[in-house]
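To keep things clear, I will list the structure first and then write my remarks on it.
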Amino acid sequence: MANIKDVAQMAGVSVATVSRVLNHHPYVSEDKKAAVLRAMEQVNYNRNINAVHLSKGQTNLIGVVVPFSNHPYFGLLIEGIANEALRQNYKLVLFQTNYETDRELEALAMLKDKQIDALVICSRISPWHLIEEYLSYGPIVVCENTRGTNVSSTFVDHYGSFFQALEYLHSKGYRKIGYCLGREMGANSDLRRTAYQDFLQKYKLAFNPNFVFYNCFNFEDGEHVLNRITEMESPPAALLISSDQVAAGILTCCKDRGMAVPKQLALLGFDNQPIAKIMNITTLEIPLVEIGRKLFAQAIEEGISSQEEIAVKLIERQTV
């Protein structure tokens, strides 16, 4: 494979002149420029883009870590990140982890090796102390509250929004309230679980472990939840569900089984995804596309760390 020295020798110019032509430097005579271009064509020269990136110290690649690429929640985040990347002339490297630590570590290793300029972690699995070990290699932006640190983030107050939703259900007369989460472990799950415990304590309501459902990510998981509820002698009267997809799955199963919503079971979702609008599900709106845009903007800010909390809004429809 021809290199820049071969081009310079064939064109009868210096390596520096070839470099100036490749980088569109204005101070190169037309005859030398033409000679370099002819030589490049004759030897079929292609630039080593990795060497270019190495010389500039920048790849214009941003890594994006998501647990699942096919889930609407993360799809909307990616949409916001991708739109902003396109506008800023960056490209994305997508890492799907399935919540496996080794896969997340691969993304962190690419940041360490300067193969990407920054890393956006939409939902992490690694412990925080491990993330901190990689902060010196480049910007890491996360979708969780990092106030008090030098790590940038755009996030939702998961404790406050969960508590707000529980109080809304309480104001509607519901006392037997359960909830559905994706992961049992994780920073956001811990905040929501704490909000639920504090809510029960505030209103002196008994905790029922049967009212708590984990591993609820997709539409199909809604059927599993309803199967468990229908087997209970004293089921919950309302469910707070951290995903509109799962809420839609539960609602569909309720309709199939002739179970009235909200009379027999009230449903309150999260995110205000398109499916919630179509199926008239009461939900808390999280502007995921806008959060994605902000995460990307924070990733390319040089020498600046910032934390921004995004407000959620209750959207009342027909399931409460």
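Just so you know, all these numbers are worked out from the coordinates, no wet-lab data involved. Since this is a predicted model, take the numbers as computed values, not measurements. Note that we place each Cβ from the backbone using ideal geometry, even for glycine, and neighbour counts take in every protein chain shown.
For the pair residue 69 and residue 263, what calculated FRET efficiency results from E = 1/(1 + (r/R0)^6), where r is the Cβ-Cβ distance and R0 = 41 Å, to the nearest 0.05?
0.65
May I ask for the net charge around residue 271, where only other residues with Cβ less than 9 Å from the Cβ of residue 271 are counted and Lys, Arg are +1 while Asp, Glu are -1?
-2
Starting from the Cα-Cα distance between residue 41 and residue 314, subtract it from 0.36 nm times their residue separation and give me the gain in nm to one decimal.
Details: separation 273, 0.36 × 273 = 98.28 nm, distance 6.17 nm.
Contour length minus the Cα-Cα distance gives 92.1 nm.
Would you compute, from DSSP H runs of 4+ residues alone, the mean residue ellipticity of the chain at 222 nm, taking -39500 (n - 2.57) per run and dividing by the full residue count, rounded to the nearest 500? It would help to have the intermediate numbers written out before the result.
Numbers: 13 runs with 140 residues, N = 320.
Result for the chain, helices only: -13000 deg cm²/dmol.
Counting Lys and Arg as +1 and Asp and Glu as -1, each charge on the Cβ, what is the dipole of the range 4-47 about the Cα centre in debye, to the nearest 20?
120
In percent, what relative contact order does the chain have, based on Cα pairs under 8 Å that are 6 or more apart in sequence? Present the calculation step by step, with values, prior to reporting the outcome.
Working: 552 pairs, mean separation 55.6, N = 320.
Rounded, it is 17 percent for the chain.
Which pairs in the list 5/112; 112/313; 5/32 are over 27 Å apart, alpha-carbon to alpha-carbon?
Exceeds cut-off: 5/112; 112/313.
Quote the relative contact order of the range 182-307 in percent (integer), defining contacts as alpha-carbon pairs under 8 Å separated by 6+ residues.
Taking the mean separation of contacting Cα pairs over the length of the range 182-307, I get 18 percent.
Estimate the FRET efficiency between residue 89 and residue 212 by the formula 1/(1 + (r/R0)^6), using the beta-carbon distance for r and 45 Å for R0, to the nearest 0.05.
0.45
Can you tally the net charge around residue 238? Count Lys and Arg as +1, Asp and Glu as -1, for every other residue whose Cβ sits under 13 Å from the Cβ of residue 238. Walk me through the intermediate numbers first.
Values: positive: 172, 175, 176, 263; negative: 167.
Neighbour charge sum, excluding residue 238 itself: +3.
How tilted is helix 158-171 with respect to the longest principal axis of the chain? Cα atoms for both, answer in degrees (0 to 90, nearest 10).
Helix 158-171 sits at roughly 30 degrees to that axis.
What is the chain by shape, rounded, prolate or oblate, if you read a ≥ b ≥ c off the alpha carbon gyration tensor as root eigenvalues and call it rounded for a/c under 1.5, prolate for a/b larger than b/c, and oblate otherwise?
Details: a/c = 3.33, a/b = 2.76, b/c = 1.21.
Prolate is the answer for the chain, as a/c is 1.5 or above and a/b outweighs b/c.
At 7 Å along the Cα-to-beta-carbon direction for both residue 98 and residue 256, put a label point, then send me their distance in nm to one decimal.
2.6
Near residue 65, within a Cβ-to-Cβ distance under 12 Å, what is the net charge of the other residues, with Lys and Arg +1 and Asp and Glu -1?
My count for the surroundings of residue 65 gives -1.
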